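Right, one structure below, let's go through it.
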Amino acid sequence: MPDWRSRISHRGFRLGLAAIALLLSGLTYYLFWRILPTSLADYSAGAYPSLVHMLSLTWLAFALTGIKRGLPIATVLLIASLIAERFIGYFYAHDALMLIGGYAIGIVTAYAYLRLVPAENFKIGTVLAAASLTGISTVFILGSGCIYCGDTEVRNAKPVYLSYQELRSNGVTVSPPRPLSDISRVYIYQSTLFLNSKNNGIHVLDNSDPANPQNIGFIAIPGNTELSIRSNYLYADSYVDLVTINISDPQNVFEQDREIDIFPYDAYQNIPDNVYFGYDGVDELRGVVVSYERTN
C-alpha cells in the first residue's frame, strides 16, 4: 500500500505552507502586543490570533489529510480549541466567535482551493507535518499558557465591587488637602487649579500666586478621570455617572446634580494592565469594579 503522504498533492503542500505563515503571523501578534512594549494600536481588539489560528488549523487539516478527512479533523480541532479557550486561556465570547469564524472561513477556502487547483503528485515529507505541529503547539502555549507573563501576571482575578447605591449615596465629598499624586489632568479656572488624581478625585489649589500655589482641599470623586468647568460648575465623571459640582466658592464646593448611567461601563478602569478577571467575568448588576482580589 502506498504511503499516505504520497497521496498529498502539491496544492496541499502549498496550502500547508500558507497555514504555517498564518501561524507565524499570530506569533508576531503576540510579540508586538503581548511581549514587547509598543504604542501600536490593536484594531482587532485582541481577536486576530483566535481567527487566524483556527483558520490555519483548518487549512492544515485539509493540507495533511485531503478533502474527505479534512472536515472531521478540523471540527475536532475547533472543539478542542473552544475547550482550551474555556478552561486554559482567558475566556471571552468574541474569541469563541472568532474561532468559529476561522473554522468556517477555513473550510470554504480550503474546499475551493483544493477543488479548483489541479492536483499534482507530491510527497509532502515529514518536514511540513513537523513544522505544522510545532507551530500549533507554540501558538497554544503562548496564547493560552501565557509563559511570557512572568510572576507579575494575575490571572482569573476576582473583581471587588462598589454598589451603585453606595456610589451614589456617598456622592462627592470634600476633605482636607492630600499630597499630590497620580495626576492625570490639570485644569485652570480663574485663580484656581484643579488637578485630577486618576480614579480618586480632584485636588484644589489656590493659584492666586502662580509662583506658589496653595493646596487647599480635595474633592473625592470615585472613578473620576476627566473634568470640565463652565460658569462655576465643574463636570466630572464618576465611573458611569456624570456629576455636577458647584465651585462658586472653592472653599465650599458641593455636589449640585448627578446624571446616572451616562458613561460606558468599564470593568478595567481601576484595574492594572496585568490583571485579568476569570471565567465568571464581571457582573455589571453588582456595581462598579473598584479593585480586585487575587485567586492565583
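The values are calculated or read from the model by the stated rules, or taken from the named source; none is laboratory data. Nothing here was measured: the structure is a model prediction, and the numbers come from that model. Cβ atoms come from the backbone with ideal geometry, glycine included; neighbour counts cover every protein chain shown. What goes into the accessible areas is simple: the full protein's heavy atoms, side chains included, and nothing from ligands, DNA or RNA. Shrake-Rupley method; radii C 1.70, N 1.55, O 1.52, S 1.80 Å.
Counting the residues of segment 240-278 that are open to solvent by less than 20 Å² (accessible area, probe 1.4 Å), in contact (Cβ under 8 Å) with a residue 40 or more places away in the chain and farther than 23 Å from Ala93 by Cβ gives 5.
Could you look through segment 197-219, keep only residues that are in a strand (DSSP E or B) and without any contact (Cβ under 8 Å) to a residue 40 or more places away in the chain, and pick out the one that is most open to solvent (accessible area, probe 1.4 Å)?
The qualifying residue most open to solvent (accessible area, probe 1.4 Å) is Gln214.
For Leu142, the conditions (1) assigned to a loop (DSSP other than H, G, I, E, B); (2) at pLDDT below 55 all hold with the exception of (1).
Mind counting the residues in segment 105-121 that are modelled with pLDDT of 75 or more and either closer than 15 Å to Ala61 by Cβ or open to solvent by 90 Å² or more (accessible area, probe 1.4 Å) (or both)?
Result for segment 105-121: 11.
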